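The values are calculated or read from the model by the stated rules, or taken from the named source; none is laboratory data. Just so it is clear, the model here is predicted, and its values are computed rather than measured. Cβ coordinates were reconstructed from backbone atoms using ideal geometry, including for glycine residues, and neighbour counts include every protein chain displayed.
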Amino acid sequence: MHVERPKVNSVAIELTAICNQKCDYCYNEWREDNGAEIPEESARLLARVDKMLDAWDIDHVTLTGGEPFARGDVWRVLDALKTAGVRVQMISNGGLITDQIAQRLAPYAPSYVQVTLNGPDRALHEEHVGPGHFDKTVRGIKALKKHGVPVVGCVVVTKKNGPVLDQILELWHSLGVDYIALSRFSPAGYAARHAAQLLPSRSDLLESFRRGAAVAKKHAMRLHCTMPVPPCSLEVEELAPIQFGTCPIGTSMQEFALGPDGQLRNCTLHKTAIGQVDDILREDVDLQALLAAPEITEYRKETPEFCKGCLHEQSCGGGCGAAAEWVSGHARKFPDPFVWQHIDDELAEGLAAKRRDGKTHLEMIL
């Protein structure tokens, strides 16, 4: 008997743990050693992709990493998705994209390639991602545009670059890119150890978004805040034309994450494997049944005690649960650290202490 495949909005396939950059804001858990302990087997990667395509009716896929172009077999994954008729978008730092790679990518017609610039100049961008990457990223952006591959810009808005967000947007405009994802810094994964230096305060983010909105109006740019901002912290109406969304976990708009180790997670920022499955390739793993796992179905039923009774409780859920888990130890008991830093004295003092000593720390802040 034919079983209809359940619809899945999106899956972010983390093709590799390897990356040519080491960004302080990276949410990959394995960034410290560049994924040295995660084996790369082309056959297993393709088998995982095939298993998902067989089990689910997927609207689109995001190819990410690590750096997706660090894998020579990225083309085989693109072939599989093209054959299945699944739309593809990509997230890349742009540094490995040459003219030849952009030319080869163009016939696959990705919806876009999202590339990040975190400063209006070499110094500030490389302060976030490491030395020697600014020129390579700009080169990659120009190569994509030359071959007609749509580019979406991205800025990870941090405590360091927020004051010059308007200048960064002007740089994007000068490169001919006017659709920008504003990914406000979220201390998840490797980034959790840099929370003290990079996590903006409410006033920091408000000022940077005001600067961004002014440039967007000036150049008719589209700005979308991709990392949800709890509406209790900002009056989003005054920040038009920036568009804001909410966390989609547990809704029909969820984007799951398939890690390079074969684990399926609620999103790229989360650390917990759905159903505690260590690899979806296991013969006993039913991907259709996995969609009913409590990590998904129960996720939105629990909200932090602090958020109880808020008008936005159901839609917001306390903000980014992944960041709350990485910083405070639980995804649903504590609000997003972006909010909680202004409420909880212990977290506020922990962040302040780390800013004073200037060090990075592996342990949770609380």
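Things worth noting here:
- The range 50-83, residues that are among the charged types (D, E, K, R) and not in a helix (DSSP H, G or I): 57, 59, 67, 71, 73
A quick yes/no check of all residues on (1) over 29 Å from residue 53 (Cβ atoms); (2) touching a strand residue (DSSP E or B) at 6+ places or on another chain (Cβ under 6 Å):
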{"residue": "274", "(1), (2)": "no, yes"}
{"residue": "278", "(1), (2)": "no, no"}
{"residue": "282", "(1), (2)": "no, no"}
{"residue": "298", "(1), (2)": "no, no"}
{"residue": "330", "(1), (2)": "yes, no"}
{"residue": "341", "(1), (2)": "yes, no"}
{"residue": "346", "(1), (2)": "yes, no"}
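- Restricting attention to the range 214-246 and to residues that are in contact with a strand residue (DSSP E or B) (Cβ under 7 Å, 6 or more places away or on another chain) and in a helix (DSSP H, G or I), the residue that is surrounded by the fewest Cβ atoms within 10 Å (Cβ to Cβ) turns out to be 236.
- Exclusive hit being modelled with pLDDT of 95 or more, surrounded by 15 or more Cβ atoms within 10 Å (Cβ to Cβ) and not β-branched (Val, Ile, Thr), set 291, 347: 291
- The range 68-79 residues that are touching a residue at least 12 places away in the same chain (Cβ under 8 Å), paired with ones that are of a type in the set (D, E, K, R) and part of a helix (DSSP H, G or I) (beta carbon under 8 Å, 6 or more apart): 75/104
- Within the range 253-284, the residues that satisfy the criterion of being more than 22 Å from residue 37 (Cβ to Cβ), free of Cβ contacts under 8 Å to residues at least 40 places away in the same chain and surrounded by fewer than 18 Cβ atoms within 10 Å (Cβ to Cβ) are 283, 284.
A quick yes/no check of all residues on (1) without any contact (Cβ under 8 Å) to a residue 24 or more places away in the chain; (2) out of contact with any helix residue (DSSP H, G or I) (no Cβ under 7 Å at 6 or more places or on another chain):
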residue: 299; (1), (2): no, yes
residue: 304; (1), (2): no, yes
residue: 308; (1), (2): yes, yes
residue: 318; (1), (2): no, no
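- Among the numbered conditions (1) part of a loop (DSSP other than H, G, I, E, B); (2) within 22 Å of the chain's Cα centre (by Cα); (3) in contact (Cβ under 8 Å) with a residue 60 or more places away in the chain, the only one that residue 332 does not meet is (3).
Residue by residue, here is whether (1) within 23 Å of the chain's Cα centre (by Cα); (2) within 26 Å of residue 30 (Cβ to Cβ) holds:
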position: 274; (1), (2): yes, yes
position: 281; (1), (2): no, yes
position: 291; (1), (2): yes, yes
position: 306; (1), (2): no, no
position: 310; (1), (2): no, no
position: 315; (1), (2): yes, no
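- A residue that is surrounded by fewer than 21 Cβ atoms within 10 Å (Cβ to Cβ), among the acidic types (Asp, Glu), within 22 Å of residue 326 (Cβ to Cβ) and at pLDDT below 95 can be found somewhere in the range 33-41.
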